[in-house]
Amino acid sequence: MKQLTSINELNTEIHQYKHLGNTIGYVPTMGYLHEGHLNLIEAARKENDIVILSIFVNPLQFGPNEDFDSYPRDIKRDLELAAKCGVDLVFSPDVAEMYPSEPSYTVIVKNRVNVLCGRSRVGHFDGVATVLTKLFNIVQPNRAYFGMKDAQQVAVVEGLLKEFHFPIELRAIETIREQDGLAKSSRNVKLSEQERKEAPAIYRSLTIAETAIKNGEKSKDIIIEQMMKSIEQNTSGTIDYIEVLAYPELQDIEVIKGKVIIAVAVKFTNARLIDNITLDV
C-alpha cells in the first residue's frame, strides 16, 4: 500500500493505473476510520482493480460552532486499518495542499440541503460539494463509495455527479448495524449504559413505519406520529426531527409514493444519533 500527500504525485500514479486499464474504486473520508468506512472499502475492493482511500479533514465543511481543530485524527491507526482491508493507495494531503490559497471558486448547493441535518448546518454541504469536486477531478475514479447512514450526503453527491456530468458511478452502501438494530457509529460510545439500551428504539421506529407503509398507510403525518410515539415511550432522548421525503430529491410530500426516505435524529445527553431507511412504494 502506498501513501501519498502530493496531488502531483497522485496524478502520476493515477495516470499509470489508467494506462494499464485498471478500474478505480474511491472511498473519500475524513479519517478516524470505523467499521462503516471499512465496509465501504470492502465493497470497493470487490468491484475494482484499484482501491484509493482519501483522508482529509476538510475545513470548508465546518460551521462556526464546529471545531475543526478538535476533530479526531489518528493517521497511524487509519493507515494500519487501510492496509489490512486491501487499500492500494491512501491519499492524505494537508490543508495547504488542497487549498494553497483562499478558494476563488466554491460549489453552492441549492437543493437537498434545507432539510434533515442540513437545516441546522448552513453551508456544510457547500464545503462537502467543493472538496468532492476537487477530489473527484484528482482521483478520477470509476466508482465512488458512500454510506447510506448519511443519506442526505449521498443525495447531495448524486446531484453533484449528475449536475456536473462526472463519469463516476455512485455506489451507496447500506448501513451497518449492531445485532439489536442500532446503526453503528463512533457516537455510540458516548451513550450512557441506559441510553445504549434505549437507542435501538430508533431503528424499531423505522421498522414500525416500514411495516405500516407496506400495509397500505400513505399518510406522512400518521407515519411520523407513530414513530414519535414509539421513540418517546421507549427512550429518554429528545427527537430532533422525523421526516418523510421524496428521495433522492429530498422534497416534501403529503402522500407516500415512489422512492422515499424516512429519517430520524434523536439527541441523548452526549450524543445525537441519526438513522434512516429508504423505500420504493
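The values are calculated or read from the model by the stated rules, or taken from the named source; none is laboratory data. Here the structure is a predicted model, which means the values were calculated and not measured. Counting neighbours? That spans all protein chains shown, and the Cβs are built from the backbone with ideal geometry, glycine included.
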Consider ILE108 carefully, then state whether it is among the aliphatic types (A, V, I, L, M) and within 15 Å of PHE136 (Cβ to Cβ). no
For the condition more than 30 Å from THR29 (Cα to Cα) and in a loop (DSSP other than H, G, I, E, B), what is the one hit in LYS257, LYS229? LYS257
The correct count of residues that are out of contact with any Gly (no Cβ under 7 Å at 6 or more places or on another chain) and basic (Lys, Arg) in the stretch 101-148 is 3
Please determine, by comparing only the residues of the stretch 1-49 that are hydroxyl-bearing (Ser, Thr, Tyr) and within 17 Å of GLU80 (Cβ to Cβ), which one is surrounded by the most Cβ atoms within 10 Å (Cβ to Cβ). THR29
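Okay, residues lined up against (1) more than 16 Å from THR29 (Cβ to Cβ); (2) within 16 Å of the chain's Cα centre (by Cα):
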position	(1), (2)
ASP126	yes, yes
ASP150	no, yes
ARG171	no, yes
LYS184	no, yes
LYS190	yes, no
GLU193	yes, no
Say whether the condition of being assigned by TED's automatic domain parsing to the domain that holds ALA129, among the β-branched types (Val, Ile, Thr) and within 20 Å of the chain's Cα centre (by Cα) is met by at least one residue in the stretch 95-104. no
Which of (1) in contact with a Pro (Cβ under 9 Å, 6 or more places away or on another chain); (2) in a helix (DSSP H, G or I) does ARG196 not meet, given it meets every other one? (1)
Of ALA199, ALA209, which residue is crowded, with 18+ Cβ neighbours inside 10 Å, touching a residue at least 60 places away in the same chain (Cβ under 8 Å), more than 17 Å from ALA151 (Cβ to Cβ) and of a type in the set (Gly, Ala, Ser)? ALA199
Give me a count of the residues in the stretch 107-132 that are in contact (Cβ under 8 Å) with a residue 12 or more places away in the chain and under 24 Å from PRO167 (Cα atoms). 14
For LYS259, which of the numbered conditions (1) among the charged types (D, E, K, R); (2) touching a residue at least 24 places away in the same chain (Cβ under 8 Å); (3) touching a strand residue (DSSP E or B) at 6+ places or on another chain (Cβ under 7 Å) fails to hold? (2)
Cβ contacts < 6 Å: first residue over 17 Å from VAL128 (Cα atoms) and without any contact (Cβ under 8 Å) to a residue 40 or more places away in the chain, restricted to the stretch 87-106; second residue basic (Lys, Arg) and not in a loop (DSSP other than H, G, I, E, B), any location; separation 6+ or different chain. Result? none
Any idea which of TYR241, TYR247, TYR203 is touching a Gly at 6+ places or on another chain (Cβ under 7 Å), within 17 Å of THR278 (Cα to Cα) and not assigned by TED's automatic domain parsing to the domain that holds TYR32? TYR203
What are the pairs with Cβ atoms under 6 angstrom where one residue, in the stretch 214-234, is within 13 Å of LYS257 (Cβ to Cβ) and in the same structural domain as GLU195 (by TED's automatic domain parsing) and the other, located anywhere, is of a type in the set (A, V, I, L, M, F, W, C) and exposed (fewer than 12 other Cβ atoms within 10 Å of the Cβ)? Sequence gap at least six, or different chains. LYS218/VAL255
So ARG121, is it within 19 Å of GLY36 (Cα to Cα), of a type outside the set (Asp, Glu) and not assigned by TED's automatic domain parsing to the domain that holds GLU243: no
Restricting to the stretch 3-32, give me the number of residues that are β-branched (Val, Ile, Thr) and part of a helix (DSSP H, G or I). 3
Out of CYS85, CYS117, report the one residue that is surrounded by fewer than 21 Cβ atoms within 10 Å (Cβ to Cβ) and closer than 30 Å to ILE262 by Cβ. CYS117
Pairs needed: first member in the stretch 133-146, closer than 16 Å to GLU13 by Cβ; second member anywhere, charged (D, E, K, R); C-beta distance under 8 Å; at least 6 residues apart or different chains. GLN140/LYS18; ASN142/GLU169
